[in-house]
Amino acid sequence: MYHKGGGKYQLDLWRANEIILQEAGIKADRIQVTDLCTCHNSEYLFSHRASHGMRGNLGAFLGLLP
């Protein structure tokens, strides 16, 4: 998390979730994190920012291989 000024902060949710998974015992080499931004790829993914506050749906999938 870093301070953006004006009393605002920004959290890196990708990194936060990666840390949570590692703390749960999942090895780092078994975790893949995308670099896709919903705002810059709004034709494929819903983005609250890109839609200027319009509501939408976003889903994520997690799979564990034996």
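Summary table
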quantity: Within region 19-66, tally of residues that are of a type in the set (Ser, Thr, Tyr) and surrounded by 10 or more Cβ atoms within 10 Å (Cβ to Cβ); calculated: 4
quantity: Residue under evaluation residue 11, criteria (1) surrounded by 10 or more Cβ atoms within 10 Å (Cβ to Cβ); (2) modelled with pLDDT of 80 or more; (3) of a type in the set (A, V, I, L, M, F, W, C), criterion not met; calculated: (1)
quantity: Region 14-52: number of residues that are modelled with pLDDT of 90 or more, of a type outside the set (A, V, I, L, M, F, W, C) and touching a Leu at 6+ places or on another chain (Cβ under 6 Å); calculated: 0
quantity: Enumeration of residues in region 22-47 that are within 13 Å of the chain's Cα centre (by Cα) and not acidic (Asp, Glu); calculated: 32, 33, 34, 36, 37, 38, 39, 45, 46, 47
quantity: Count - residues of region 8-35 that are among the β-branched types (Val, Ile, Thr) and either under 16 Å from residue 65 (Cα atoms) or in contact (Cβ under 8 Å) with a residue 12 or more places away in the chain (or both); calculated: 4
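The values are calculated or read from the model by the stated rules, or taken from the named source; none is laboratory data. This structure is a prediction, so every number in the text was calculated from the model and none was measured. Note that each Cβ is placed from the backbone with ideal geometry, even for glycine, and that neighbours are counted across all protein chains shown.
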